[in-house]
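Input: a single structure, listed below in structure tokens.
The values are calculated or read from the model by the stated rules, or taken from the named source; none is laboratory data. Treat the numbers as computed from the prediction; the structure is a model and nothing was measured. For neighbour counting, all protein chains shown are included, and Cβ atoms are generated from backbone atoms with ideal geometry for every residue, glycine included.
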Amino acid sequence: MPQISVIIPVYNVENYVEKCLRSILEQTFTDIEVICVDNGSSDNSLKVLENLAAEDSRVRIFSMANQGPGACRNKGLDEAKGEYILFVDSDDFLAPSACETLLNALKKDNLDIVVCRFYNYHNDSGQAAPSSAGLELAHKDTLDRDKGDSVEEFAKFAFACSFVWGRLYRREIIENNKIRFPSGIVEDVPFIVMCFVQARRVKRIPDLLYYYRVGRPGSISGKAERMLLDGIKNFGMLEDNLREYGVFEEVKETFWFNKMNLLIGDERIFAGRLGNVPQGTVQKAYDLIRKDVLELPADLFARRNAWFRWKVRGLQRALTKNDLKFPRRLRKLRNIAMIFLNPYYKLKGKFSTSRH
């Protein structure tokens, strides 16, 4: 049985998937299986997979009919045989020692999840630059439930580094708690948060082991409307799961802070989606969130900064009046503010990166 199962959802990536798979098959650690789940590709992605599978018996191919990356990863989990799970997106790739480094770190410290840092790999230029995503938000590199770290700390860590890739999971954490991905996109967040709140010990290591491709035409990250509506739906599913496990009240503030960031935030990769979509989509979003947002306790965000609290109150007023133009006004205000704040954030990012 392989030690690591690498799971890759594949959809219309004929120009990228070979580089992805070769970076995995040429790892310094070889006791792996590579589970590729084709999501109904209309290009030559499946043919590329078949050619690589003919070269290397560690590659296993499954096919689905356009059900989304979450369903593909779930199929991979159902078929996985390894003791550990690693997810890789099919247009990304790994450093040669990624599997070895992650596995050694996990075993050394008896971790349930180990997280590495990653590069932003720019599709047009082929240049890679270390990403600082999550560095300033996850203020501790190691969390240990047995040493008093709370469920909320684990949830904060998960939200701060809420990508499903670039981390190695102990498979029993996923299977024993029946954790699976929801449908649609923005599917990473419910999965990663549930894994973290069920874990006993997690750690982020400083090694840059994953190359995340940015700027690829047709990538999911450019679809603001689906990001918003699927994100709202999947946050709702996450809330249901957290309540089922009896931990929602412990993580309520962190949960809602991150849900608000999806809607009207400034700092996160999928933030402020309400300001980037047509008014018809804003109306759909308002209908989905109105009741819950208007019922939030007045002091829920007391520890957050004044700007964030002002935005929440503004959204609540907009929901009450069904003011569909508020998100665009907020976006314009934010863009003006960033003219003055960008030098500060660049300086902050520089020092944040140097600390880690």
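So the values come out like this:
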quantity	calculated
Hey, residue 246 surrounded by fewer than 21 Cβ atoms within 10 Å (Cβ to Cβ), of a type in the set (Gly, Ala, Ser), not assigned by TED's automatic domain parsing to the domain that holds residue 8 and not in a helix (DSSP H, G or I) or not	yes
Breaking point among (1) surrounded by fewer than 15 Cβ atoms within 10 Å (Cβ to Cβ); (2) under 24 Å from the mean Cα position of the chain (by Cα), for residue 42	(2)
Lone qualifier among 244, 249, 295, 253 - being in contact with a Leu (Cβ under 7 Å, 6 or more places away or on another chain) and at pLDDT 90 or above	253
Candidates 349, 275, 280 - the one that is out of contact with any Phe, Trp or Tyr (no Cβ under 7 Å at 6 or more places or on another chain) and modelled with pLDDT under 80	349
Candidates 216, 201, filtered to the one that is surrounded by fewer than 20 Cβ atoms within 10 Å (Cβ to Cβ) and in the same structural domain as residue 75 (by TED's automatic domain parsing)	216
Index of the failed condition, residue 179 passing every other in (1) without any contact (Cβ under 8 Å) to a residue 24 or more places away in the chain; (2) buried (at least 21 other Cβ atoms within 10 Å of the Cβ)	(2)
Filtered residues of the range 98-132 (kept if at pLDDT below 95 and acidic (Asp, Glu))	124
Candidate set: the range 82-108, residues that are among the charged types (D, E, K, R) and touching a strand residue (DSSP E or B) at 6+ places or on another chain (Cβ under 6 Å); chosen: the one farthest from residue 209 (Cα to Cα)	91
Residue 251, sole failed condition from (1) β-branched (Val, Ile, Thr); (2) buried (at least 21 other Cβ atoms within 10 Å of the Cβ); (3) under 17 Å from the mean Cα position of the chain (by Cα)	(3)
Residue 30, sole failed condition from (1) among the β-branched types (Val, Ile, Thr); (2) farther than 20 Å from residue 191 by Cα; (3) touching a helix residue (DSSP H, G or I) at 6+ places or on another chain (Cβ under 8 Å)	(3)
Some residue of the range 113-136 being surrounded by fewer than 23 Cβ atoms within 10 Å (Cβ to Cβ), out of contact with any Pro (no Cβ under 7 Å at 6 or more places or on another chain), among the hydrophobic types (A, V, I, L, M, F, W, C) and within 18 Å of residue 19 (Cα to Cα)	yes
Failed condition for residue 303, given (1) closer than 29 Å to residue 149 by Cα; (2) surrounded by 17 or more Cβ atoms within 10 Å (Cβ to Cβ)	(2)
Residue satisfying all of: in the range 78-112; surrounded by fewer than 21 Cβ atoms within 10 Å (Cβ to Cβ) and of a type in the set (A, V, I, L, M, F, W, C); nearest to residue 49 (Cα to Cα) among these	95
Tally of residues being touching a residue at least 24 places away in the same chain (Cβ under 8 Å) and buried (at least 19 other Cβ atoms within 10 Å of the Cβ) across the range 140-159	8
Check on residue 324, assigned by TED's automatic domain parsing to the domain that holds residue 261, surrounded by 11 or more Cβ atoms within 10 Å (Cβ to Cβ) and outside any helix (DSSP H, G or I)	yes
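Yes/no matrix, rows are residues, columns are (1) in a helix (DSSP H, G or I); (2) farther than 20 Å from residue 157 by Cα:
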| site | (1), (2) |
| --- | --- |
| 229 | yes, yes |
| 232 | yes, yes |
| 241 | yes, no |
| 261 | yes, no |
| 280 | yes, yes |
| 289 | yes, yes |
| 298 | no, yes |
| 310 | yes, yes |
| 316 | yes, yes |
